[in-house]
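Here is the structure we will look at.
Values quoted throughout were computed directly from the atomic coordinates according to the rules given, and no laboratory measurement underlies them. None of these values were measured; they are calculated from a predicted model. For neighbour counting, all protein chains shown are included, and Cβ atoms are generated from backbone atoms with ideal geometry for every residue, glycine included.
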Amino acid sequence: MDHPALHNKPLACALAAHRFGLGQARCADVGDDAVAWLLAQLGPADAPVGGALASSAQGVRQYAEFIRLQQLERRVASAATASAAATGAAMGAAPTPMQAAAAAAAAAASAPPKAVSTVAESAYGSGLRNTVVADQRSRLITATLSQRPLVERLQLFWSNHFTVSLTKPAVRGLVGAFEREALRPHLHTTFETLLKASVRHAAMLRYLDNDNSAGPESALVKRLARRPAGAEQRPATITGLNENLAREVLELHTLGVSGGGAAYGGWGGYTQADVTALAAVLTGWRVPARMLVADPRIDQAVRFDPQWHQPGAKTVLGRSHAEGPDALDQVLHQLAQHPSTARFVSYKLVRHFVADEPAPALVAQLERTFLDTQGDLPSVVASLLKSPLAWSAQLDKLKTPEEFVISTARVLGLGESAFERAPDGGISPLGQRLHNAASPAGHSDRAEDWLGPDAVWKRVEWATRVADRVGRRTDARALAQQSLGPLLQPSTAQHLDRAADGPQALALLLMAPEFQRR
Amino acid sequence: MQARRHFLGHTLATATLLSPWGRMSVAATPPQDAASNRFVLLILRGGLCGLTLAPALSDPAFAAARGPLAQFSGEALALHQGFALNPLLPQLHRLYGQGELALLHAVGLPYRERSHFDAQQLLESGGQRPFDLNTGWLGRAVASAASNSGNRGNTSKSGSAMTAVALQTALPLVLRGADGVDSWAPSVLPEPTPDLVARLQSMYRNDPGLAQALARAKGLREDPGMAGNMAADPTLAAPPGRTAMVNLGRKAADFLQRGAQVAVLEMNGWDSHANQAQAQGATSNNLRTLDALLGALREALLPNQTWGRTVVLVATEFGREVAVNGTLGTDHGSGGAALVLGGAVNGGQVFTDWPGLAAKDRFEGRDLRTTTDLRAVIRSILGDHLRVSTAALDQLVLPGSGHLKALPLLRS
């Protein structure tokens, strides 16, 4: 503990509150020992706040119902445009009163094709959409109200490391369940536990296409291939492997891309053959949607289906794994304990918390702890918190839009009210679409990706709106002193003193470099 | 299909382009029209499948290798040399017929791994290995034009230095490295007062990153010619569906009509691991959006004959495997296709050194082999159209690409 910042207690507290937390209304609340305040937070995550939170099994059912209604409408709409007789036939084929009602509603409204999705949209509105909105709101409110902001930061980090995104429709209803089931219960365990929970979750299996990946020699593919060929026989939609999940597990979740990380000694170390073999190991791990719909008592949203599994042993990274469900556990163990994983994950942690270009010495410290403890996450995080290299007074990181919005809500004490008008707290217009990352690599963790002119302008607009709402009842000058402590620059303090009015002072505080950065 | 033949006629053009004398004269006295030329880069993220965009119908291995993906929603739209366009691209096919669009096939980056993120980093940085460079080739090209004009730092209105705009909130890597880059995206939030912005600028004296971003954004909004009152258009705030993308294309055209020389757009969602040929699937819908977006862009650039001075490059980070995967999609590959269109384009032709689709001709037995380096395409456009000097291209913009032959992509 020999970094100057650690000897300056107010400065250490302010850094702890912003760099490792999500902002505090009073950084004095951190107390005299910033590191101890942070270490004491490590442990199981708190129960998530919020109502209408669906389990993954419920999410799967909601999505299935939405799709069922959508397909029903399409059928009815096409029948309606063909002839009245055909419409009658389609309705006659509907087996339940609810379907018949939906069909009638859709048929009545289906003269212009634009009205086609009315019923499915309303079903989406009542079930699936509520879940999507509740998930976003819960994520933000839980982080905003938390007394253990470090744990919530870890949750934000890991949910970005193991990205699942609503950009894939079949993931709708599952993203919040993924965070609550796969991540939050395991943030204080080992990387291996977290990895296994993430890869085998319904959201991940669907997001990265494993739900439809079958062994080319699996029983299922053989059966589909035996179907009699006919003129109207469509090709079998499932014929073999989909490598998507396997590749991203290796590249993004564990080893890092081959050839990457040269400045840190390099990571990666897998080949295309390893990708294909891992994809074969993963076959069979799926979401049994039909079973879940048929029997509402089932709450396991994932099961291993041997019909889909590729027979025979598979060799991943030089190690052979026997056919069957146990191979995935073994491979994920192998990946979690791999030195490349220790290095890559350590790098990402340091990059997230401390600097866009992490100091190799600090990455090496975490990597050593990771290897020594077999990836014990509290130990790895503790080695970060205890390193003087993590406490530079220089604010290298720009808050992401989500961190900016949450820390604003916390510092202003807005609580849940901050997320009443827009379920995503207005984060999406700032360039970070919540639960909708554009790729499996997640949202960027580098300032340059958030510092575009339009992105900064939108932050100013957002700060203006918040300031218009609460600026008149807020003393921005006092808030700046309490929340930023020694981080508050004289120039910023001067601008706050000279502000034209309360709202302007608050907008200036929210957009001040020492509030935008951490 | 006649492989490895199409380039043979272009030796003379190549020699002219590489002539140091010719290039020096250009650098010394830029022609009057250089500043009025326009360039649009459309990045398709996720790995566009080149054989879905432009099937190689007469390759003997095509039908067998593609299986169900050889079926299209209608008859594929014929080009030359046995290639075709996907039937979901009727406007692009019309442009090809009018000589305003060229297809490049078996084109790719100098990258043979299959990571989206590394490949996109290369596509935008223009480096030789991922993460070698942390600025973008287009940003460096803009910067080199600014320094050539002796007008660094004052880029927005002088007309002698290049101005660039990204039609998105986050600044893409490809445009990093230049001072004169704007970004713009539709907003639903209230405008801050000019007084607040002035105070923020004063407060950002010691934070160059925030200061520069704010100054650029402010400049864009103050210049009545640039931003106008488009921010109030509610349709522009829609999520990036087809209407929103078309509107974004029109907005890009608006910037270009009003003086920006370079615009960057992007479209996500090309990672077609499943149901790639499904009529209402994501890939089919993306193709329809692509056709609509580029059609709208052209239409909005026709006034003032701006389209005649425009080149649009449509590029992706990598192609996909030739064979269909287990879910009626394709997994990550290497070689793919690119499009170059615009009134300034020497179109109506297919540029390819076709390697063939038979398994033995593929890279690692899997991918369409890359026979044309995408950087050669970029060099040709930047050099011939935006008058970036060969020295700047070799050393600054696309280091390590000096050996690549230019392609005759522009009307002479």
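Listing for the model above:
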{"read-out": "Cα-centred dipole magnitude for the protein assembly as shown, charges only on beta-carbon of K, R (+1) and D, E (-1), debye, nearest 20", "value": "1040 debye"}
{"read-out": "Relative contact order of the stretch A:145-277, pairs being alpha-carbon contacts under 8 Å that are 6 or more residues apart, as %", "value": "18 percent"}
{"read-out": "Inter-chain shielding of B:194-205 (mean C-beta neighbours from other protein chains, 10 Å cut-off)", "value": "5"}
{"read-out": "For B:Ala106, residues with placed amide H under 5 Å, excluding near neighbours", "value": "B:Gly336"}
{"read-out": "Net charge over other residues, Cβ less than 14 angstrom from the Cβ of B:Ser125 (K, R count +1; D, E count -1)", "value": "-1"}
{"read-out": "Cubic angstrom per residue, convex hull over Cα atoms of chain A", "value": "169 Å³"}
{"read-out": "Proximal aspartates and glutamates relative to A:Lys348, as straight alpha-carbon distance under 14 Å, when same-chain residues fewer than 8 apart are discounted", "value": "A:Glu251, A:Asp356, A:Glu357, A:Glu367, A:Asp445"}
{"read-out": "For A:Ala214, residues with placed amide H under 5 Å, excluding near neighbours", "value": "A:Gly240, A:Leu241, A:Asn242"}
{"read-out": "The stretch A:262-402 - percent relative contact order, Cα under 8 Å, separation 6 or more", "value": "20 percent"}
{"read-out": "Estimated vicinal HN-Hα couplings, Hz - the stretch A:486-491 in sequence order (Karplus 6.51, -1.76, 1.60; Gly, Pro = x)", "value": "x, 6, 5, 7, x, 5"}
{"read-out": "Under 19 Å from the Cα of A:Lys9 - aspartates and glutamates, other chains or at least 8 residues apart", "value": "A:Asp29, A:Asp32, A:Asp33, A:Glu514"}
{"read-out": "Dipole of the stretch A:400-518, positive direction: furthest Cα of A:Pro440, A:Gly426, A:Leu414, with charges on the beta-carbon", "value": "A:Leu414"}
{"read-out": "The stretch A:387-509: C-alpha gyration tensor shape, a/c 1.5 cut-off, then a/b vs b/c", "value": "oblate"}
{"read-out": "Electrostatic dipole magnitude of the stretch B:285-330 [Cβ: Lys, Arg +1; Asp, Glu -1; Cα centre; debye, to 20]", "value": "120 debye"}
{"read-out": "Helical mean residue ellipticity (222 nm; -39500 (n - 2.57) per DSSP H run of 4+; nearest 500) of the protein assembly as shown", "value": "-12500 deg cm²/dmol"}
{"read-out": "Interchain or long-range residues, amide H under 5 Å from B:Val312's placed H", "value": "B:Val40, B:Leu341, B:Gly342"}
{"read-out": "Inter-chain shielding of A:422-429 (mean C-beta neighbours from other protein chains, 10 Å cut-off)", "value": "2"}
{"read-out": "Among A:Gln481, B:Val322, B:Leu294 - extreme Cα towards positive end, dipole of the protein assembly as shown, charges at beta-carbon", "value": "B:Leu294"}
{"read-out": "Selection from B:Pro194, A:Gln516, B:Leu42 lying farthest towards where the dipole of the protein assembly as shown points positive, charges on Cβ", "value": "B:Leu42"}
{"read-out": "Highest-first arrangement of B:374-381, A:487-494, where packing means the average Cβ count within 10 Å", "value": "B:374-381, A:487-494"}
{"read-out": "Packing-based exposure ordering (other Cβ within 10 Å, fewest first) of B:Asp331, A:Asp209", "value": "A:Asp209, B:Asp331"}
{"read-out": "Derived scalar couplings ³J(HN,Hα) [the stretch B:92-103; Karplus, 6.51 cos²θ - 1.76 cosθ + 1.60; whole Hz; x for Gly, Pro]", "value": "5, 5, 4, 5, 4, x, 7, x, 10, 9, 10, 9"}
{"read-out": "Sum of side-chain charges, A:Tyr270 neighbourhood, beta-carbon under 10 Å (Lys, Arg +1; Asp, Glu -1)", "value": "-1"}
{"read-out": "Partner lysines for A:Lys458 [C-alpha distance under 21 Å; skip if fewer than 8 residues away on the same chain]", "value": "A:Lys397, A:Lys399, B:Lys218, B:Lys251"}
{"read-out": "Förster-model FRET efficiency, 51 Å R0, A:Asn130 and B:Gln128, C-beta, rounded to 0.05", "value": "0.55"}
{"read-out": "Relative contact order of the stretch A:227-332, pairs being alpha-carbon contacts under 8 Å that are 6 or more residues apart, as %", "value": "20 percent"}
{"read-out": "Cα-centred dipole magnitude for the stretch A:274-335, charges only on beta-carbon of K, R (+1) and D, E (-1), debye, nearest 20", "value": "100 debye"}
{"read-out": "In order through the stretch B:323-336: 3J(HN,Hα) via Karplus (6.51 cos²θ - 1.76 cosθ + 1.60), integer Hz, x for Gly, Pro", "value": "7, 6, 8, x, 10, 6, x, 9, 8, 4, x, 10, x, x"}
{"read-out": "Bridge type composition, the protein assembly as shown - antiparallel percent by DSSP, nearest 5", "value": "45 percent"}
{"read-out": "Environment charge of A:Ala36, counting only residues whose C-beta is closer than 14 Å and scoring Lys/Arg +1, Asp/Glu -1", "value": "0"}
